[in-house]
Every structure is written in structure tokens, then in C-alpha cells.
Amino acid sequence: DKGNHRHFMEKEIYEQPEVISHALSHYVDLGAHTIKQTGHDIDFAKLRGLAISACGTAYLAGLIGKYWFERYARLPVEIDVASEFRYREMPLSTDQAAFFISQSGETADTLASLRYCKEAGLKIGAIVNVRESTIAREADAMFPILAGPEIGVASTKAFTCQLAVLASLAIEAGKARGHIDAAQEKTMVRHLAELPRIMSAVANLIQPQIENLSRELSKFKDVLYLGRGTSFPLALEGALKLKEISYIHAEGYAAGELKHGPIALIDENMPVIVIAPHDRFFEKTVSNMQEVAARGGRIIFITDENGAAASKLETMATIILPNVDEILSPMVFSLPIQLLAYHTAVFMGTDVDQPRNLAKSVTVE
Ligand code: F6R
């Protein structure tokens, strides 16, 4: 049932505040602002490293998770798409754990990677939506994302719930490994607790502007997304979401890679979507934006209030989100990314919930 939404994808985008709140309440105590013990037997304190493997959007959630585990828990993370992971013959050791992220829990490549790591004797964690799935059943520790059924082929609420779970696990790991003390834990969990309210406000705030902008965007054939830090995987996710439902060619790049190749493509026919909260990378990303502007590129700037105040560049559009703590920005900045892809596809008249050639669950390799 789509309720009063035109597509499941739209419904699932707007459901995010509610399902993220479910997901969070499983992993954190929203009153005491502490991490909950969920009873799994992954001993973060003893791990030498973590291997993460997944496909598509779930892989991009894992990539953001890597930034968090390394930064907050000083836990080295190896991550790859599942179809490469299992053939790389990477050295694995039993003092690593392996995490697999999958909405459906049935993705063939992800399952094969899981079995490969199990064979190698690693402890297996599964971050899944479908709790009865094969990946969930074969794991030693199952971490549900509690997003509820996701019908739209393009993943939206599963992505942000995966992020909420990964953020909670990174804080748990940081605590276990002695890099996050009780006061920091409280502060971080307090920020997470605000996420549902912030996302609900942001979705309503930006909707009209995004819809107008999408009409413009639907006229282009190519779009480039740029970001740094955790906004880099988000740039990849933005490009993936746009291409899969609108069929507009889109690519995501780390902003710093611009001058190593893609800058050759810049002209007025390829809008550049820059995802840049006012974080410690902001100045660097703005200088990449200047390089785009100097070559006649059109910029769609997705930033926050502080970022908008700090940049004087002329843009095709600037989408201004509230200032939020950095651990929240991947989830909050997912909203403009998802809504932009959604409305652009609606203007193009594509089958948003069932894009051509794609299946919700990919059970062949
Ligand atoms: C993109 C998308 C796909 C899936 C990928 C993995 O919007 O939905 O990229 O994320 O096929 O699927 P799961 O998470 O079921 O393993």
C-alpha cells in the first residue's frame, strides 16, 4: 500500500524518520543516551581488523561505515564489493571479523563472500533487513536494520537504516576499544537520537525546491557528483540512485580526484552536484568547486547553513540543510540525494519503482 504517495519509493523516503527511530531504539538507549548491549558475540576489543562486503547501495553504506569504524574505533576496515571480495585472495585471519550488509539478505555475491569468510574461520556479522534471509541465518551475529519491507527497487530507507546501525556499531566498537569514553558516548548517542526529528523537518523543508530543480536536471544527459570524507560514498550513492531510476548517466567522484581526470568533462552540459556539509574538508571541496565554476560548469551545491554562509560561489542551485553533527550528515544529506533522483525520474516518466533491467533481489552472480 502506497498510502497517499505516488510510488513506493516516495513513501519509503518519507518513512525514514520513523524507521530510523525503530532501528536506533534497538541499538541505543534513547533516554540514557548509551549504547545498548544487543547480546552479540563479536568482541570488538580484540579485533585486529574488520572486513566488510556488500553490493550496490549496501556497499556504499559499508564504505561510510569504514570511515566511522576507523575514525571512532581505530579499527582498520577492508571493504570491497562482494563480487570482487571473494576472488581477491586477500589474506584473512581469525582475529578479523567480517560484516556483510544486505537489505534482502539473499544477494548471491554477498552470500558467497560470507561463506568464503566463514570457511576462513572469521566471525560473521550480518546487517540485514530481512531477518529470515539466508545471509541472516548463516551469520554468527545478526544485526537487523528494522526498516520494514522495502518495495521500491531503488534502496532508500534500507540505506539510511544501515547507516544508523553502522554508526551505532562504530560507537560500540569505539567504546570497547577505549577510544570513546562515557561522556563522548553520551554526546554521540544524543546526536543520533535527534536524527528522526531532523530528517522529518529536512524532508519537508527541501521538497518544493528539489522538485523545481529536478525539472531542470531532467534536461541533462550527464551529471557528476562530488564529495569528500563520508560525503564521497554519498556522491557515489547519488550517482547510482539517479542513473538507476532516471537513466541519466551519472558518476560519483571523490572531490579531490576531479583534477585527475573528470575535470576534462566539465562544461555547461554536465551539472556538478557537490555534497559538502561545513566539515573539516569544506574548504578543500570549495576549491574543487571553484575549478568547476572557472570552466563554465554548473554547480548544484548541497550544503548546510554554515557552508552556504561561507561560500560565495555562483551556483545553479544551492540546497541548504540545517547544521548537524558530523555523524548525522550522511543520513541527513541522503534526503536531497534521494529526492532529487526520485523527482527527476518522475519528470522523465520512467517506471520509478520498477526500473528497467533491475531486480529487487539479485540471486545470481
Ligand atoms: C540500489 C540498489 C542495489 C542494492 C544491491 C544489494 O538502489 O537497491 O544496488 O543495494 O543490489 O542488494 P541487497 O542489499 O539486497 O543485498
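Summary of computed values
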{"read-out": "Leading residue by the ranking (farthest from Ala120 (Cα to Cα)) among those in segment 56-77 that are open to solvent by 60 Å² or more (accessible area, probe 1.4 Å) and more than 17 Å from the chain's Cα centre (by Cα)", "value": "Arg74"}
{"read-out": "In segment 301-318, residue modelled with the lowest pLDDT [restricted to those that are crowded, with 22+ Cβ neighbours inside 10 Å and more than 19 Å from the chain's Cα centre (by Cα)]", "value": "Ser311"}
{"read-out": "Matching residues, segment 45-73, being aliphatic (A, V, I, L, M) and away from the ligand (no atom under 16 Å from the Cβ)", "value": "Ala45, Leu47, Leu50, Ala51, Ala73"}
{"read-out": "Odd one out for Gly349 among (1) more than 22 Å from Leu217 (Cβ to Cβ); (2) open to solvent by 20 Å² or more (accessible area, probe 1.4 Å); (3) away from the ligand (no atom under 16 Å from the Cβ)", "value": "(1)"}
{"read-out": "Extreme residue, farthest from Leu169 (Cα to Cα), among residues of segment 34-55 that are among the hydrophobic types (A, V, I, L, M, F, W, C) and within 16 Å of the chain's Cα centre (by Cα)", "value": "Cys55"}
{"read-out": "Enumeration of residues in segment 88-111 that are modelled with pLDDT of 95 or more, away from the ligand (no atom under 11 Å from the Cβ) and open to solvent by less than 40 Å² (accessible area, probe 1.4 Å)", "value": "Gln96, Ala97, Ala98, Phe99"}
{"read-out": "Flag for Lys259 being closer than 30 Å to Ala201 by Cβ, basic (Lys, Arg) and free of Cβ contacts under 8 Å to residues at least 40 places away in the same chain", "value": "no"}
{"read-out": "Positions within segment 41-55 being open to solvent by 40 Å² or more (accessible area, probe 1.4 Å) and either modelled with pLDDT of 95 or more or among the aromatic types (Phe, Trp, Tyr) (or both), in sequence order", "value": "Asp43, Ala45, Lys46, Arg48, Cys55"}
{"read-out": "Residues of segment 129-184 that turn out to be away from the ligand (no atom under 13 Å from the Cβ), of a type outside the set (A, V, I, L, M) and open to solvent by less than 10 Å² (accessible area, probe 1.4 Å), as a count", "value": "4"}
{"read-out": "Where Glu84 falls short, out of the listed (1) surrounded by 15 or more Cβ atoms within 10 Å (Cβ to Cβ); (2) within 16 Å of the ligand (Cβ to nearest atom)", "value": "(1)"}
{"read-out": "Residues of segment 215-250 classified as in a strand (DSSP E or B) and of a type in the set (A, V, I, L, M), total", "value": "4"}
{"read-out": "Every residue from segment 112-128 that is open to solvent by 10 Å² or more (accessible area, probe 1.4 Å) and within 13 Å of the ligand (Cβ to nearest atom)", "value": "Ala112"}
{"read-out": "Checklist (1) within 12 Å of the ligand (Cβ to nearest atom); (2) surrounded by fewer than 20 Cβ atoms within 10 Å (Cβ to Cβ) applied to Tyr342, failing item", "value": "(2)"}
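Condition check ((1) over 20 Å from the mean Cα position of the chain (by Cα); (2) modelled with pLDDT under 95; (3) hydroxyl-bearing (Ser, Thr, Tyr); (4) part of a loop (DSSP other than H, G, I, E, B)) across all residues:
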site	(1), (2), (3), (4)
Arg137	yes, no, no, no
Phe143	no, no, no, no
Ala147	no, no, no, yes
Gly152	no, yes, no, yes
Ala167	no, no, no, no
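Residue-wise test of (1) open to solvent by 60 Å² or more (accessible area, probe 1.4 Å); (2) farther than 18 Å from Phe301 by Cβ; (3) touching a residue at least 12 places away in the same chain (Cβ under 8 Å); (4) hydrophobic (A, V, I, L, M, F, W, C).
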| site | (1), (2), (3), (4) |
| --- | --- |
| Arg190 | yes, yes, yes, no |
| Glu194 | yes, yes, yes, no |
| Ser200 | no, yes, yes, no |
| Pro208 | yes, no, no, no |
| Lys219 | yes, yes, no, no |
| Val223 | no, no, yes, yes |
| Pro233 | no, yes, yes, no |
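The values are calculated or read from the model by the stated rules, or taken from the named source; none is laboratory data. Bear in mind the structure is a predicted one, so any value in this text is a computation, not a measurement. Reconstructed Cβ throughout: ideal geometry from the backbone, glycine too, with neighbour counts over all protein chains shown. In case anyone asks, the SASA skips ligands and DNA or RNA and just uses the protein heavy atoms, side chains included. Shrake-Rupley method; radii C 1.70, N 1.55, O 1.52, S 1.80 Å.
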